[in-house]
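> What follows is a structure written as C-alpha cells; I'll ask about it next.
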Amino acid sequence: MLKKFDRILLFIGCISYAACKLNPDSSRDYTDKNKTYKLHLNPVVGSKYHFDISNQSEVKIEVDGKKINNVNRSNAGVFYKVDKDSLDNVLLTINYDKIHVYTKTGETETEIDAGQAKATLNPAERALGYLKDAPITATISPLGEVKKITGYDAIGDKIIASFAANDVTGKKIAQEQWNKTIGEGLVKKNMDDLFRIFPDSAAHIGDSWQLTSQNTGAGLQVKNIFRLKAINGDVAIIQSEGIIMPDNSETTLANAMTDLKGKQYGDYEIDTKTGMLISCKQKANVEGTISTMGQEVPVKIEIIVKIVGHKVK
C-alpha cells in the first residue's frame, strides 16, 4: 500500500509529461488560397540526424502544511537513422549518445549520468547506460504518429535481469526509474515532441489544425491549435497554443482525482522537404488541485522543452 504522500508524488511524476502526447483531430481556418504546402514526415532513406533534447519540469505541492518543490531536468543527445517500410512508414533506429538526469525532491537531490554507467553501482545510472548502448526502432507514419517502438521492453527486461536474484531493492529502483523517467520521459515523449505536429492534409500559410491528446493515467487532456505562420525558404514556421484540462473519461493514477487547468505554447521550425524538426521550444503552465485519500493538494507545474536538431553529414 502506498502512503498518501507517496501516492501524490507518483501521480505528479506522470503529470509532468502530460502536455505533449498527441492524437490527430483536425479543424482548419483557411486564409490563403494561393499556395499549399504538404507538411509530412519524408526523410531520405539512409540519412542520419542528431538531436539535443532538454526537458525541465518544476512541480510545487503542499501536503499537510508542508511545501515541497520537485524539479526534474533531463538532457539527451540522440541519433536517428532513417529507413522505410513497404507502407511508406518511416523506420527510425535510435541511439542515445548522452543522457543526464537531475531530480530534486524537497531537499533531496539526485544526479545520474549514462556516461558513468559502467563504473557505478547506482541502479538508476546503470539503467541509463543500457538505454545509451542499445538500439531502439520506432515506426512512424508520414503524419508523425508513433505506431510501434521495438527494443524498448527488451532493454527493461535486460536491466532487471542484470541484478542479483536477491537484490530486490536494486531491481525495484531500476524498474521505477526506467518506467517513469526513462521510458515515459525520454523514449516515448521525445517521439511525440519531434514528430506529432503535422496537419492531415496540405496547408496554406495561416491555416490552423487541432491536435487533441489524452494522457493515460494522469487524467489530463490537451487541446492544441497549430498554425502555419510562415515559410522561409525550405523552413516551415509553426506556432501552437493549447489548453490543458481534466479528462473526465480517464481513471487517474493512484486513485487521485484532478482539478488541474493550464495552457501550453510552442514554436517549431521544420524542414519542408523532409518534415524533420530543426528546432522547437514548448512551455506549459498548469495549476489546481489533486484529491487523494480525502485530501485536496494544491499543485503548480511548469514544463519547458527545448529541441535542436541537424542532419549528420
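> Restricted to the range 96-128, and to residues that are crowded, with 20+ Cβ neighbours inside 10 Å and of a type in the set (A, V, I, L, M), which residue is nearest to Tyr80 (Cα to Cα)?
Checking each candidate, the answer is Ile99.
> Please go through the range 96-121 and pick out each residue that is among the basic types (Lys, Arg) and within 21 Å of the chain's Cα centre (by Cα).
Within the range 96-121, Lys98, Lys104 qualify.
> Taking the condition surrounded by 15 or more Cβ atoms within 10 Å (Cβ to Cβ), among the aliphatic types (A, V, I, L, M) and either in contact (Cβ under 8 Å) with a residue 40 or more places away in the chain or in a strand (DSSP E or B) (or both), does Val59 pass?
Yes, satisfied.
> Consider the range 115-154. How many of its residues are at pLDDT 75 or above, over 14 Å from Ile94 (Cα atoms) and assigned to a loop (DSSP other than H, G, I, E, B)?
Residues meeting the conditions: 5.
> Separate question: Keeping to the range 285-313, report how many residues are over 21 Å from Phe51 (Cα atoms), part of a strand (DSSP E or B) and touching a residue at least 60 places away in the same chain (Cβ under 8 Å).
Count: 10.
The values are calculated or read from the model by the stated rules, or taken from the named source; none is laboratory data. Predicted model only: the values in this text are computed from it and were never measured. Heads up, the Cβs are rebuilt from the backbone with ideal geometry, glycines too, and the neighbour counts pull from every protein chain shown.
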